[in-house]
């Protein structure tokens, strides 16, 4: 296997240490802060060393490439973007601590997502719908490397999904901005220009995410190996299970334990180093 290592402060000394540790036969620079070690042995010391040195790593088949994936699905909050939109709405409603606390519990898998979403949305009741625009224009930022990753997928003709337990106000704008093929999320109920504290229609939860990925995979007649999913929270695990490869992006421990690869220190463009 090839060992891909990357990190914002990665040094040649660290790379050489990993090369010796894994008895790698070759070394190639992938970028300013990424290297590929050829024919590397997968030894437990790699995990220990990389965690201590804050290095992202992955053992990847030599012939693996991004073009192998014909369907890629991404979560939105804290994955494609740097914030949790509902927490920022909670801040504008003067309820950020309450909302963020519930969000954190749900992301760790300590609370059912549907129940957590209902409780958080209820705390937004009475908030002006102008707050949605304010969060999008003033607080929402794309994750580092997101545009590069999506641009490369478009060049390859890969079908891309934005699959979120968040809200359509944000996913539809990001779908257009980044040219996603499909975006699916929850709809906030608004009356007289204010949030009612309720959602319209059924809650789009973890099971819904998995269903969308599975439907798209089956419609395209793909094998699981041709599907890549990227997420960070417990509600992403079911859709990750529908993919051959899953990436936990700066994720909660529960998700890191079950993902194929973890990216904790570099941006989403780190995926391009794992799969050139």
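The values are calculated or read from the model by the stated rules, or taken from the named source; none is laboratory data. Every value quoted in this text rests on a predicted model; they were computed, and no experiment measured them. Note that each Cβ is placed from the backbone with ideal geometry, even for glycine, and that neighbours are counted across all protein chains shown.
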Restricting to region 251-272, name every residue that is closer than 15 Å to residue 30 by Cβ and in a helix (DSSP H, G or I). 270, 271, 272
One residue is enough: does region 105-112 have a residue meeting the conditions surrounded by 22 or more Cβ atoms within 10 Å (Cβ to Cβ) and at pLDDT below 95? yes
Quick one: which helices (runs of 4 or more DSSP H) sit completely within region 143-250 and have at least 2 residues that are under 26 Å from residue 102 (Cα atoms)? 168-178, 206-219, 237-240
If you check 156, 178, 162, which single one turns out to be under 24 Å from residue 255 (Cα atoms), modelled with pLDDT of 95 or more and within 21 Å of the chain's Cα centre (by Cα)? 162
Among residues of region 15-35 being within 18 Å of residue 52 (Cα to Cα) and out of contact with any helix residue (DSSP H, G or I) (no Cβ under 6 Å at 6 or more places or on another chain), the residue surrounded by the most Cβ atoms within 10 Å (Cβ to Cβ) is 18
If you scan region 55-69, which residues turn out to be surrounded by fewer than 18 Cβ atoms within 10 Å (Cβ to Cβ) and in contact with a strand residue (DSSP E or B) (Cβ under 7 Å, 6 or more places away or on another chain)? 59, 62
Considering only region 167-174, I want to know if a residue exists there that is under 17 Å from residue 107 (Cα atoms) and touching a residue at least 24 places away in the same chain (Cβ under 8 Å). yes
When every residue in region 246-276 that is buried (at least 24 other Cβ atoms within 10 Å of the Cβ) and touching a residue at least 24 places away in the same chain (Cβ under 8 Å) is compared, the one nearest to residue 116 (Cα to Cα) is 255
